[in-house]
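A.B. asks: Supplied in structure tokens, the structure appears directly below.
The values are calculated or read from the model by the stated rules, or taken from the named source; none is laboratory data. Just so it is clear, the structure is predicted and the values come from calculations on it, not from any experiment. Note: ideal-geometry Cβ built from the backbone for every residue, glycine included; neighbour counts use all protein chains shown. With ligands, DNA and RNA removed, areas are computed over all heavy atoms of the protein, side chains included. Shrake-Rupley method; radii C 1.70, N 1.55, O 1.52, S 1.80 Å.
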Amino acid sequence: MNFKFPLVAFLVFCSSTVLGQQQLKYSPLLNDQLRKIAAKQESIFIVAVKNQKQFADSVQKTAGIQVVALYEPAGVFFVKSTFSIINSLSSWDNILFIDLNRKPFEELFTGTIDNATNAVNKIQNVYPVYNGNGIILGIKENNFDTTDIDFKNRVLVNPAASATITSHASVMGTIAAGSGNSWFATKAAAWGAKIVSSSFANLFPDNNNFYQQYGVSVQNHSYGTGIENYYGAEAMAFDLFAINNPSILPVFSSGNSGTQTSPSGVYNTINGFANLTGNFKMAKNIITVGATDSFYTIAPLSSKGPAYDGRIKPELVAQGEDGSSGAAALVSGVAVALQHAYKSLNNNNLPPSTLIKTILINSADDIGAPEVDFRSGFGSLNAFKAMQTLTNGNFISGSVIQSQSQNYNLTIPTGIKKLKITIAWNDPPAVVNASKALVNDLDVELINSSTFERWHPWALSSFPHIDSLLLPAKRRRDSLNTIEQITIDNPEAGNYIININGIVVSTASQSFSFVWQMDVDNNFEWNYPTQTDPVLAGEQNILRWKSTLAATSGSLQVSIDNGNSWQVINSSIDLSKGYFKWNAPIIFSKALLKFTDGNTEFVSDTFIISKPLSLSVGFNCTDSFMLYWKKITGISHYKVYKLGNQYLEPLFSIPDTSVVLQKNINSSLFYAVAPVLVNKEGVKSFTINYTTQGVQCFIKSFFVEKINNTALVHLQLGALYGVVKIGLQKIKNLDTLTIQTVNSPNTLDFTFTDNQLLAGLTQYRIYLETTGGTRIYSDIAPLYFAAENELFVYPNPVKRGARAIVVLNEKHTGQLQLTDLFGRIIQNWLVTTDQIPIPTARLQSGMYLLRLADFRKKIKTGRLIVY
């Protein structure tokens, strides 16, 4: 057991340099808060001690202090007391370090999921088998929606999860491990992995039993506290955790404080640098991820390095628009896919976390300042290059002892544009509040066997001045970082030696991983679209490629007739950008793209340009239901999908645009449909739950409204399949009277008028008469209803510009919040009734989240899809 008491806060055990003044035992955060804390104010404190038993015994004899938790692997206690008492205890020789407990917060981001930015789409196309199956991903923050169909039957429910469910946590789970059941854009790198949540109320690693019981091997941390530039208790604990659990990789967001200045540390006068949010992100044996937009520009709000002691942070960046939460989740998902590939190729064994970390870093695309910098680290995630590195076996794991060198031979063929080598190791934890975190110092050096020319790794100036932090990287020996990288442009062909030297190894030995990558000269690769990527007709699509061509520009063309003829999109694209914004034509067709550099052509995979279908419900009767969609010119048939045990499964293909399904053989509630053109599918529709579309047995909507002294009865049918007559009935005092009828109806929308309003309760209902003489009755008006404790949205999906209605089973007093898929608040409503209209005219097509909180803090959530 790690925790011997209920977790509220932590106290840390570690060894430390003897401190001359009591205040030097305080963390920089506590030092900063001294003038703000009242002497008798009770708080939770973090304290580092030399001897756990001695401290526990002493606390029992001291009034006014209570131990509330213990993190055993690092000897971490949590105590509740006042500052005046803690201040008096700081003179104890047994106490080494004192800190305040902090409350974490979700690091929200905005924007859209774009799997192509970091080539996640390409591993899904080329390596579809490596989807995280058999790997467990941990999401440490608030809890996610375990009923989300993108996680169906892949959630491990456990008591360590928070009782609070948030859309942020659900989005993080979707970015890392979404299945694509809802829509194609929710399919992540680790769509086959299982996921498990644990609360971030505990800022330390979870209980060891949690990791062992659920088998977590990657854990995502998309949260932060304030800017904290010191090696605190949590940083030490995560470094120790990685040493004790060498196959588990913790992934952290860098934070969303990129424009701020650190309140403490040697960088406290430099704006826009050294602003990572939380001392746990100062750990050496984790990976910290910053954010870019879809065009590889560092997001201004993404927190920057260096770490408190000048180390390179963040190590990596990924697409996350204006925040780092999603960027970290994206990297976590790719890390899971890499672990799956390694297990499949290595007798079901998990790789060391240093290997996955090193592969991710070495395969990253250099952006920003050349080689490495404090904004983008070692570059932007390239999931495909990472998977290539692993499956090609371009890595070695080894170890060294003090003063030992390990040499490895590497042969470089002709035609290599760039060689890149990276080494990383999990370093023993430093003492809390150490001025420098590095304990074991390894050096890597590359040597040309023929010429004996030597190359050192790239290193940055960490001197605390803005000019120094902006200096380009230089080659030199690095005695600060646990990651070292060497690159060579246009290396000579021949034999090389990779020399790894144990400069300082204070432990019995130090294990490490190193990987290499050789980029071929004069090469061009399409990254998007691949043959499995949807290209949306009539919308802007971002075409992507990787190039080592000597040319700087060329012609971009498209063909919709299998390459028989080509239309120029742009005659002079900027090749160095790696992307081009293209408004696809409004067609449904197969297509090819071609980049032309003089006489050399590079043709993409065949892909489909299409719009997503809109799937609707015609009727939902006792024994059957009807689905229908609009016909697309030139499409011969459509494929209907149902949600199976975990994923969407093809049900059948039909040439028609509607289908009636019998409930006794179709138990699934969720369905989607895709157009098919010559054995290639277009974009699937959003997946709908046919029971929540506001359609009963033929009746899509039926409600009554009072205008002055007139009742207007509105009826909308889902279909006229077999309906020969419609009747409106009025019910008063248990008497039922048919007041209007429509024979042979030929439209789906009706409005009936009743000018004879009666005092008291008046009820209305509709009956439909079919060709067989059967009568189908509506519910008694008002039609809107919801099962208890449900947030019901009708219609859903809703056409943009139309009005959706949130219907509750009773009147509520509280607040309804509409957010986009990534947590950005679109609109709030004060709720005082049981029906809330949602205007959609200003909403873009896509999926939105609804969250209802009443004043009793009871939470209800739902989704709204606009098309």
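A.B. asks: Please list, or write none, the aspartates and glutamates whose alpha carbon is within less than 13 Å of the alpha carbon of K730, excluding same-chain residues fewer than 8 places away.
C.D. replies: Of all the aspartates and glutamates, those that pass the test against K730 - Cα under 13 Å, at least 8 places apart if same chain - are D754, D779.
A.B. asks: Further question on the same structure: Modelled label-to-label distance, Q54 and S344, 7 Å Cα→beta-carbon offset: nm?
C.D. replies: Here the answer is 5.4 nm between the modelled labels.
A.B. asks: A further question follows. Could you give the size of the charge dipole of region 231-366 about its Cα centre, using +1 on the Cβ of each K and R and -1 on the Cβ of each D and E, expressed in debye and rounded to the nearest 20?
C.D. replies: 300 debye
A.B. asks: Another question, if that's okay. I'd like to compare 686-697, 647-658, 720-731: which one has the highest average count of other Cβ atoms within 10 Å, and what's the full order after that?
C.D. replies: The most tightly packed comes first, giving 686-697, 720-731, 647-658.
A.B. asks: Heavy-atom accessible area per residue, region 53-108, 1.4 Å probe: how many Å²?
C.D. replies: Ligands and nucleic acids excluded, the result is 42 Å² per residue.
A.B. asks: Taking amide H atoms as placed 1.01 Å from N in the peptide plane, list the residues 5 or more away in sequence, or in a different chain, whose amide H sits under 5 Å from that of F200.
C.D. replies: E141, N142
A.B. asks: Sticking with this structure for a sec: Using alpha carbons only, how many angstrom separate the centre of region 553-611 from the centre of region 707-747?
C.D. replies: So the two Cα centres are separated by 55 Å.
A.B. asks: Can you tell me the FRET efficiency between N392 and M847 if r is taken as the Cβ-Cβ distance and R0 is 25 Å, rounded to the nearest 0.05?
C.D. replies: With R0 = 25 Å, the Cβ-Cβ based efficiency is 0.10.
A.B. asks: For a quick protection proxy, order the peptides 395-403, 360-368 by their average other-Cβ count within 10 Å, most packed first.
C.D. replies: For the peptides 395-403, 360-368, the packing ranking is 360-368, 395-403.
A.B. asks: What is the distance in Å between the Cα centres of region 51-99 and region 284-337?
C.D. replies: 36 Å
A.B. asks: Among the listed pairs K187/K860; K281/K436; K630/K799, which are separated by more than 19 Å between their Cα atoms?
C.D. replies: K187/K860
A.B. asks: Starting from 0.36 nm per residue, how many nanometres of slack lie between D749 and K581 once their C-alpha separation is accounted for?
C.D. replies: Full extension of this stretch gives 56.3 nm more.
A.B. asks: May I pose another question? Net charge around N133, counting only other residues with Cβ within less than 11 Å of its Cβ (Lys, Arg = +1; Asp, Glu = -1)?
C.D. replies: Result for the neighbourhood of N133: +3.
A.B. asks: Ok, one more. Measuring from label point to label point, each 7 Å out along Cα→Cβ, what is the T62 to I654 span in nm?
C.D. replies: Placing both labels 7 Å beyond Cα along the Cβ direction yields 7.5 nm.
A.B. asks: Among N268, G310, I726, which residue has its Cα furthest toward the positive end of the charge dipole of the chain, with +1 on Lys/Arg Cβ and -1 on Asp/Glu Cβ?
C.D. replies: In the chain, that residue is I726.
A.B. asks: If you don't mind, there's one more thing I want to ask. Enumerate the calculated ³J(HN,Hα) couplings along region 76-84 in order (Karplus 6.51 cos²θ - 1.76 cosθ + 1.60, θ = phi - 60°), each rounded to whole Hz, writing x wherever the residue is Gly or Pro.
C.D. replies: In residue order, the calculated couplings are 9, 9, 10, 10, 10, 6, 9, 5, 4 Hz.
A.B. asks: Shifting gears a bit: What ranking, highest mean first, results for peptides 293-306, 537-550 when packing means the other Cβ atoms within 10 Å averaged over each residue?
C.D. replies: The packing order, highest mean first, is 293-306, 537-550.
A.B. asks: Related question: Per DSSP H run of n ≥ 4, the term is -39500 (n - 2.57); total these for the chain, divide by its residue number, and report the mean residue ellipticity at 222 nm rounded to 500 deg cm²/dmol.
C.D. replies: -3500 deg cm²/dmol
A.B. asks: Lys/Arg Cβ at +1, Asp/Glu Cβ at -1, dipole of the chain taken about the Cα centre: which of Q60, T507, A335 is farthest positive-ward?
C.D. replies: It is Q60, whose Cα lies furthest towards the positive end.
A.B. asks: Taking R0 as 35 Å, what FRET efficiency do you get between I466 and D489 from their Cβ-Cβ distance, rounded to the nearest 0.05?
C.D. replies: The computed FRET efficiency comes out at 0.80.
A.B. asks: Which of the helices in the chain meet the span-like rule: DSSP H, Cα axial reach of 18 Å or more, Kyte-Doolittle mean at least 1.0?
C.D. replies: In the chain, no H run is both long and hydrophobic enough.
A.B. asks: Could you check the spin-label model distance between Q646 and E705? Points 7 Å from the Cα along Cα→Cβ, value in nm.
C.D. replies: 4.7 nm
A.B. asks: For the chain, give the share of DSSP beta bridges that are antiparallel, in percent and rounded to the nearest 5; count only bridges with both residues there.
C.D. replies: 85 percent
A.B. asks: Pulled fully out, how much extra length does the chain show between F295 and I497, if you take 0.36 nm times their separation in residues and subtract their Cα-Cα distance?
C.D. replies: Fully extending the segment from F295 to I497 adds 69.0 nm.
A.B. asks: Give me the three principal axis extents of the chain from the C-alpha atoms, as integers in angstrom, largest value leading.
C.D. replies: Result for the chain: principal-axis Cα extents of 96, 82, 48 Å.
A.B. asks: Going Cα to Cα from K594, which aspartates and glutamates come in below 15 Å? Please leave out same-chain ones fewer than 8 positions away.
C.D. replies: List returned: E525, D561, D574, D605.
A.B. asks: Between V678 and K630, what is the FRET efficiency for a Förster distance of 30 Å, r being their Cβ-Cβ separation, to the nearest 0.05?
C.D. replies: Using R0 = 30 Å, I get an efficiency of 0.90.
A.B. asks: Once the piece of chain linking N407 and N94 is laid out straight, how much longer is it, given 0.36 nm per residue of separation minus the C-alpha distance between them?
C.D. replies: Extending this stretch completely gives an extra 108.2 nm.
A.B. asks: Could I get the Rg over Rh figure for region 614-710? Both from C-alpha atoms, Rh via Kirkwood, rounded to two places.
C.D. replies: Using Cα coordinates only, the ratio equals 1.08.
A.B. asks: Quick check on my link table: of K152/K663; K103/K357; K103/K140; K36/K103, which ones sit more than 19 Å apart, alpha carbon to alpha carbon?
C.D. replies: K152/K663; K103/K357
A.B. asks: Please get the size of the charge dipole for the chain, origin at its Cα centre, with Cβ charges of +1 on Lys and Arg and -1 on Asp and Glu, quoted in debye to the nearest 20.
C.D. replies: Here the size comes out at about 1500 debye.
A.B. asks: Measure off, as a whole percent, the carbon and sulfur share of the 1.4 Å-probe accessible area of the chain, all protein chains present.
C.D. replies: About 50 percent, which is the carbon plus sulfur part of the accessible surface.
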